[in-house]
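The values are calculated or read from the model by the stated rules, or taken from the named source; none is laboratory data. Since the structure is predicted, the reported quantities are computational estimates derived from the model, not experimental observations. FYI the Cβ positions are ideal-geometry reconstructions off the backbone, even for glycines, and counts take in every protein chain you see.
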Amino acid sequence: MVVAIDGPAGAGKSTVAKAVAAALGFTYLDTGAMYRSVGLAAAERGVEPAQIAGEVTIELGERILLDGRDVTEAIRTPEASEGASRAAADPAVRRAMVAQQQRIVASGDWVAEGRDIGTVVAPEAAVKVFLTASAEERARRRAAQIGADVATVLAEQTIRDERDSTRAVDPLTVAADAVELDTTGLSLEDVVARVSALVADHR
Ligand code: C5P
């Protein structure tokens with residue numbers, strides 16, 4: 001069974017997806033970490049992401065390993081966020097990542113988070129949630145997480161949102177059968193309870 005959690009940057013997807021996975025005993029899949037790893041590898045090697053997307057080995061778990069090297073922190077910098085968003089706009093990179101993601105969720109129970117889980121990676125997902133929050137709230141949360149200035153995060157987030165929503169391949173869109181959940185002003189417990197209730201309805 002797949003629970004798809006999509007939405008823009010800073011909507012709380014990671015926190016919610018991890019908590020829902022823990023509550024249900026499902027495995028958590030962070031697809032953003034895959035685009036981040038490809039972007040980082042490309043920047044380090046000075047090549048286009050598409051040239052290496054099919055070659056790099058990305059291991060997802062408590063720590064993120066790129067070709068065996070721990071990049072858990074390195075993929076979270078503002079530069080890596082920008083690199084991920086650029087890499088993710090390339091159709092060849094998306095094809096390689098989506099194929100891997102589909103193999104991963106083919107068996108077992110997953111809470112998968114990203115931008116295109118409900119629309120592309122797992123269109124048959126049992127439960128699809130599209131998480132949103134106001135742009136200001138999203139920037140505030142992200143800034144607090146990484147210890148940065150809210151105005152700077154908001155400016156960078158606006159650029160990434162725009163690129164994610166307008167790219168030609170698999171843009172960030174709400175799946176027709178997704179439940180939209182605006183988390184502005186909601187506690188994590190509230191959101192987790194709502195998503196868990198949606199899953200319970202499908203069991
Ligand atoms: O979710 P996260 O911020 O870690 O994702 C980093 C970038 O990867 C996003 O800005 C987005 O451009 C891209 N992404 C994507 N499709 C996904 C997951 C992430 O395009 N399923």
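Quick notes on this one:
- The residues of segment 18-37 that are in a helix (DSSP H, G or I) and touching a Phe, Trp or Tyr at 6+ places or on another chain (Cβ under 6 Å), listed by number, are Lys18, Ala21.
- For segment 177-192, a residue qualifies if it is out of contact with any helix residue (DSSP H, G or I) (no Cβ under 9 Å at 6 or more places or on another chain), of a type in the set (Ser, Thr, Tyr) and surrounded by 12 or more Cβ atoms within 10 Å (Cβ to Cβ), but none of them does.
- For segment 136-155, the set of residues classified as among the small types (Gly, Ala, Ser) and either in contact (Cβ under 8 Å) with a residue 12 or more places away in the chain or surrounded by fewer than 17 Cβ atoms within 10 Å (Cβ to Cβ) (or both) consists of Ala139, Ala144, Gly147, Ala148, Ala151, Ala155, listed by residue number.
- Residues that are of a type in the set (D, E, K, R), within 15 Å of the ligand (Cβ to nearest atom) and at pLDDT 95 or above number at least 2 in the following helices (runs of 4 or more DSSP H) confined to segment 38-115: 91-105.
- Condition check for Val38: touching a Pro at 6+ places or on another chain (Cβ under 6 Å) and touching a residue at least 12 places away in the same chain (Cβ under 8 Å): yes
Condition check ((1) touching a Cys at 6+ places or on another chain (Cβ under 6 Å); (2) closer than 21 Å to Asp161 by Cβ; (3) of a type outside the set (Ser, Thr, Tyr)) across all residues:
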| site | (1), (2), (3) |
| --- | --- |
| Glu59 | no, no, yes |
| Thr77 | no, yes, no |
| Ser81 | no, yes, no |
| Arg86 | no, yes, yes |
| Glu137 | no, yes, yes |
